[in-house]
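Submitted below is the structure of interest, expressed as structure tokens.
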Amino acid sequence: MAEYNLTTPLSEEDTRKLKAGDIVLLTGTIYTARDAAHARLVKLLENGEEFPFSIEGSVIYFVGPTPPKPGDPIGSAGPTTSYRMDSYSPTMLKFGSRGMIGKGGRSQEVKDACKEHGGIYFGATGGAGALLGKQIKSAKVIAYEELGPEAVRELTVENFPVTVVNDTFGGDLYQIGREQFEVKD
Amino acid sequence: MREVAYNDIVDAVKNMIMTTATNLPEDTLEYLETAYKEEKSEVSKKVIEQLLENAKIARDEKRPLCQDTGLAVFFVRVGADVKVAGGLLKDAINEGTEKGYTDGYLRASTCEPFSRANLKDTVGYNLPAIIHFDIVEGDKIEIEYAAKGGGSENVSRARVFPPAAGKEGIINFVKECISDAGGNPCPPITVGVGIGGTFEKACISSKHALFRDLGTTNEDPEMAELEEIMLEEINKLGIGAMGMGGTKTALGVHIEANPCHIASLPVSVNVQCHSSRHTHITI
Ligand code: SF4
């Protein structure tokens with residue numbers, strides 16, 4: 001279990017050294033998107049239309065934050081359950097996105113796409129919204145404002161704590177961790 | 001007949017919602033602290049450490065514990081000798097909910113089932129609340145509240161078994177449900193199990209079981225024993241905190257049982273994440 005400090009956008013060199021279980025502190029710009037935004041973003045990519053941010057090396061955070069209190073950039077902002085993005089993520093990775101942050105297991109298709117395109121699925125601690133929100137230094141809506149909490153936001157993060165769940169070698173922390181502690185009768 | 005002013009209920013509900021969003025209840029905190037000490041996996045321990053730290057930040061800085069501030073779920077017991085002056089109790093609870101979620105900068109998470117359009121500007125901010133009413137003796141209004149997040153709700157299940165399935169069938173059903181859920185419902189979880197009644201009664205009972213504080217047991221010794229067995233079985237799964245592998249997948253199992261039809265054995269499993277935001281007040 002190694003620890004890394006990485007800055008976004010992520011290069012393939014960054015991602016291909018990571019292993020399931022590694023802890024990473026992310027700094028830089030990341031983008032938020034949930035189900036509704038993913039459906040629209042993937043359509044843009046497939047149709048070759050203009051994309052709201054540079055996808056190369058981008059890290060997508062599956063989150064729908066609470067509204068900020070006056071003076072704060074963002075409210076509480078922990079990860080949402082990732083499998084709802086499973087049908088969209090392989091396309092995002094294919095077009096150059098290199099990281100996803102969420103919680104919960106992913107499909108085989110997503111794991112395969114991570115291997116093929118050098119992508120990483122990071123887990124953040126679900127329900128630690130107050131703690132994670134504090135690591136977000138600025139936030140602005142850059143697309144789909146009408147989706148409310150589901151709008152696409154550009155976030156600046158500093159030392160945002162995540163754990164590598166799916167690496168580029170096919171490793172899966174959920175599987176490895178569970179096998180280690182499962183008690184079979 | 002005692003009278004309670006409509007606006008007093010609105011205010012009480014609003015306060016309850018705002019406080020609950022930023023303060024993890026004592027029972028949950030205590031159980032998480034114990035889980036931190038007893039957890040054998042280093043990765044899971046680290047997660048629980050973050051959860052405790054998160055609870056502290058949320059309380060001290062009045063930030064929502066989790067960005068999913070839930071749908072507002074209420075169990076309301078209305079005394080037969082009390083009436084609300086100035087409006088309907090249901091409207092007062094909804095109005096208090098809307099105010100609490102707005103003033104507390106909480107998330108509006110209600111939407112239409114298919115278009116997924118958020119209801120904040122049409123029906124109301126995070127409305128409608130889910131309210132279960134009951135009429136009881138006395139002149140008080142007792143309101144139990146929980147903010148129910150989507151992640152743990154999504155892995156919940158119900159099924160009507162034939163009576164022959166018995167205890168073993170139910171234990172296996174619960175175990176399978178939690179095993180399939182893995183890290184998705186944000187473990188360490190609390191598991192509410194509704195047994196008996198009809199299909200919908202089992203579901204409502206499994207929800208209400210989650211409103212009970214950790215550390216309390218079912219009054220019926222047979223059910224209390226079953227709670228213990230289920231907890232042990234679930235913690236053998238190895239899921240651990242946030243599914244990263246560990247020995248503390250669940251903090252507790254709460255059963256609520258009801259008499260049922262001679263032909264059926266309904267069972268419902270409702271899962272509560274570690275962010276178990278629940279409270280109750282009596283007016
Ligand atoms: S399951 Fe609970 S802790 Fe996890 S994101 Fe949802 S509400 Fe928050």
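Please enumerate the residues belonging to the stretch B:60-85 that are under 24 Å from B:Gln272 (Cβ atoms), over 14 Å from the mean Cα position of the chain (by Cα) and at the interface with chain A (Cβ under 9 Å from one of its Cβ atoms).
Residues satisfying the conditions are B:Lys62, B:Arg63, B:Pro64, B:Leu65, B:Cys66, B:Gln67.
Looking only at helices (runs of 4 or more DSSP H) that lie completely in the stretch A:55-152, which have at least 3 residues being more than 16 Å from the ligand (Cβ to nearest atom) and crowded, with 18+ Cβ neighbours inside 10 Å? Let's see the steps before the verdict.
Numbers: elements: A:89-94, A:108-117, A:129-134.
Hits in the stretch A:55-152: A:89-94, A:108-117.
Picking from B:Val73, B:Val84, which residue would you name as being among the aliphatic types (A, V, I, L, M), within 16 Å of the ligand (Cβ to nearest atom) and not assigned by TED's automatic domain parsing to the domain that holds B:His208? Quick ask: steps written out before the conclusion?
Values: B:Val84 fails: within 16 Å of the ligand (Cβ to nearest atom).
Testing whether each residue is among the aliphatic types (A, V, I, L, M), within 16 Å of the ligand (Cβ to nearest atom) and not assigned by TED's automatic domain parsing to the domain that holds B:His208 leaves just B:Val73.
One residue is enough: does the stretch B:163-183 have a residue meeting the conditions at pLDDT 95 or above and part of a loop (DSSP other than H, G, I, E, B)?
no
Something else now. Sort out which residues of the stretch A:135-150 are touching a helix residue (DSSP H, G or I) at 6+ places or on another chain (Cβ under 7 Å) and modelled with pLDDT of 90 or more, and write them in order of number. Outline the logic, then answer.
Going through the stretch A:135-150, the residues touching a helix residue (DSSP H, G or I) at 6+ places or on another chain (Cβ under 7 Å) turn out to be A:144, A:147, A:150.
Residue satisfying the conditions is A:Tyr144 alone.
Same structure, new question: Considering only the stretch B:216-244, how many residues are of a type outside the set (D, E, K, R), at pLDDT 95 or above and in a loop (DSSP other than H, G, I, E, B)?
Summing the residues that are of a type outside the set (D, E, K, R), at pLDDT 95 or above and in a loop (DSSP other than H, G, I, E, B) in the stretch B:216-244 gives 7.
Moving to a separate point now. Within the stretch B:184-200, can one find any residue that is among the hydrophobic types (A, V, I, L, M, F, W, C), within 17 Å of the chain's Cα centre (by Cα), away from the ligand (no atom under 16 Å from the Cβ) and more than 11 Å from chain A (Cβ to nearest Cβ)? Can you show your working first?
Applying the first criterion (among the hydrophobic types (A, V, I, L, M, F, W, C)) to the stretch B:184-200 yields B:186, B:189, B:191, B:193, B:195, B:199.
From the residues that got through so far, the ones that are within 17 Å of the chain's Cα centre (by Cα) too are B:186, B:189, B:191, B:193, B:195.
Right, trim to away from the ligand (no atom under 16 Å from the Cβ) and you get B:193, B:195.
Checking the rest, the ones that are also more than 11 Å from chain A (Cβ to nearest Cβ) come to B:193, B:195.
Yes, that holds for at least one residue.
A further question follows. What number goes with the only condition from (1) within 16 Å of the ligand (Cβ to nearest atom); (2) part of a loop (DSSP other than H, G, I, E, B) that B:Ser44 does not pass?
The number of the failed condition is (2).
Give the stretch B:264-283 a look and list any residue that's assigned to a loop (DSSP other than H, G, I, E, B) and within 12 Å of chain A (Cβ to nearest Cβ), or say none.
From the stretch B:264-283, those assigned to a loop (DSSP other than H, G, I, E, B) are B:264, B:273-277, B:283; that's our starting set.
The answer is B:Cys273, B:His274, B:Ser275, B:Ser276, B:Arg277.
Write out, first by first residue and then by second, each pair whose Cβ atoms fall under 9 Å of each other, whose residues are 6+ apart or on separate chains, and whose first residue, in the stretch B:89-116, is more than 9 Å from chain A (Cβ to nearest Cβ) and under 22 Å from B:Asn7 (Cβ atoms) while the second is part of a helix (DSSP H, G or I) and of a type in the set (Asp, Glu).
Filtered contacts from the stretch B:89-116: B:Ala92/B:Asp8; B:Gly96/B:Asp11; B:Lys99/B:Asp11.
Here is a follow-up. Any chance the stretch A:47-54 includes a residue that's more than 16 Å from the ligand (Cβ to nearest atom), within 14 Å of another protein chain (Cβ to nearest Cβ) and on the phi < 0 side of the Ramachandran plot? Before you say what the answer is, go through the steps one by one.
Kept after step one, since they are more than 16 Å from the ligand (Cβ to nearest atom), are these residues of the stretch A:47-54: A:47-54.
This time we only want the ones that are within 14 Å of another protein chain (Cβ to nearest Cβ), so: none.
Checked against the condition, which is being more than 16 Å from the ligand (Cβ to nearest atom), within 14 Å of another protein chain (Cβ to nearest Cβ) and on the phi < 0 side of the Ramachandran plot, the stretch A:47-54 yields no hits at all.
The values are calculated or read from the model by the stated rules, or taken from the named source; none is laboratory data. This structure is a prediction, so every number in the text was calculated from the model and none was measured. Glycine also receives a Cβ, built like all others from the backbone with ideal geometry; neighbour counts cover every protein chain displayed.
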